[in-house]
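Novice: Before anything else, here's the structure in question.
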Amino acid sequence: MKLVLLIISIIFLSIVPTAHAQDTFKVLKVVDGDTISVDVRGHKEVVRLLGIDTPESVDPRKPVQCFGKEATSKMKEFVTGKSVILIDDSTQGNRDKYNRLLRYVYLPDSVHTFVNGEMVKQGYAYSYRQYPTKQLDKFNGFEKYAREHNLGLWGSCSLNSSPTKTVIKNTT
């Protein structure tokens, strides 16, 4: 019986995503829909969520884009007052040109909510193709789902309001 439990434990641990065993970091602020500030061991770090791009809401060089405020509000709903798990992607650098950490963000809840993915799946963000990540196919699928169901920005904004130049056109 002990051997069976040991084998089950080993199998379970081998299929649990690495996000489960990671440290959590307190969210200090939501900057916008794809950027947050967190406390990393006593240092404030700005984190750019990998694989997604949300309409602009705070860039002083650009006007507020369609659904920008809603995307920021949704990110606040996901992470304000919470701690998050940060996961890097070996296909990307550690930081972007603005010195922001590049990370996937998960909630340490019972299902380990994938915040980056949920933002796209619920229609608050685009799949960011300009800097392809390991999760690009997943993000493209989430975007297709949101677009086909007119969720979020897909039901509220014209296609030419995309913050990226490579929006997938609806081919159905």
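Novice: Which condition breaks for V46 when tested against (1) part of a strand (DSSP E or B); (2) open to solvent by 70 Å² or more (accessible area, probe 1.4 Å)?
Specialist: It fails just one condition, (2).
Novice: For region 12-25, check the following and say yes or no: at least one residue is surrounded by fewer than 16 Cβ atoms within 10 Å (Cβ to Cβ) and either modelled with pLDDT of 95 or more or assigned to a strand (DSSP E or B) (or both). Step through it out loud before you land on a result.
Specialist: Initially, region 12-25 is screened for residues surrounded by fewer than 16 Cβ atoms within 10 Å (Cβ to Cβ), giving 12-18, 20-24.
The next check asks that each one be either modelled with pLDDT of 95 or more or assigned to a strand (DSSP E or B) (or both); those that pass are 24.
Yes, some residue in region 12-25 is surrounded by fewer than 16 Cβ atoms within 10 Å (Cβ to Cβ) and either modelled with pLDDT of 95 or more or assigned to a strand (DSSP E or B) (or both).
Novice: List the pairs whose first member sits in region 26-42 and is of a type in the set (A, V, I, L, M), whose second member is open to solvent by 10 Å² or more (accessible area, probe 1.4 Å) and in a loop (DSSP other than H, G, I, E, B), and whose Cβ atoms are under 7 Å apart, counting only residues at least 6 apart or on separate chains?
Specialist: So the pair list comes out as V27/T80; V27/K82; V30/T80; V31/V58.
Novice: Still on this structure, please answer the following. Being under 17 Å from Q130 (Cα atoms), under 15 Å from the mean Cα position of the chain (by Cα) and open to solvent by less than 30 Å² (accessible area, probe 1.4 Å): is that true of T54 here? Steps first, please.
Specialist: Values: under 17 Å from Q130 (Cα atoms): yes; under 15 Å from the mean Cα position of the chain (by Cα): yes; open to solvent by less than 30 Å² (accessible area, probe 1.4 Å): yes.
Spelling it out, T54 is indeed under 17 Å from Q130 (Cα atoms), under 15 Å from the mean Cα position of the chain (by Cα) and open to solvent by less than 30 Å² (accessible area, probe 1.4 Å).
Novice: Kindly provide the set of residues from region 58-89 that are of a type in the set (D, E) and either free of Cβ contacts under 8 Å to residues at least 12 places away in the same chain or over 12 Å from Y106 (Cα atoms) (or both), ordered by number.
Specialist: Going residue by residue through region 58-89, those that are of a type in the set (D, E) are 59, 70, 77, 88-89.
Residues satisfying the conditions are D59, E70, E77, D89.
Novice: State the number of residues belonging to region 30-43 that are loosely packed, with under 13 Cβ neighbours inside 10 Å and either closer than 13 Å to S73 by Cβ or touching a strand residue (DSSP E or B) at 6+ places or on another chain (Cβ under 6 Å) (or both). Don't jump to the end; show me each part of the working.
Specialist: Let us first name the residues in region 30-43 that are loosely packed, with under 13 Cβ neighbours inside 10 Å, namely 41-43.
Now drop any that are not either closer than 13 Å to S73 by Cβ or touching a strand residue (DSSP E or B) at 6+ places or on another chain (Cβ under 6 Å) (or both), which leaves none.
Going through region 30-43 one residue at a time, the tally reaches 0.
The values are calculated or read from the model by the stated rules, or taken from the named source; none is laboratory data. Because the structure is predicted, anything quoted here is derived from the model rather than measured. When we count neighbours, we look across all protein chains shown, and the Cβ atoms used for this are built from the backbone with ideal geometry, even at glycine. Ligands, DNA and RNA are stripped out before the accessible areas are found, and what is left, the full protein with its side chains, is counted by its heavy atoms. Shrake-Rupley method; radii C 1.70, N 1.55, O 1.52, S 1.80 Å.
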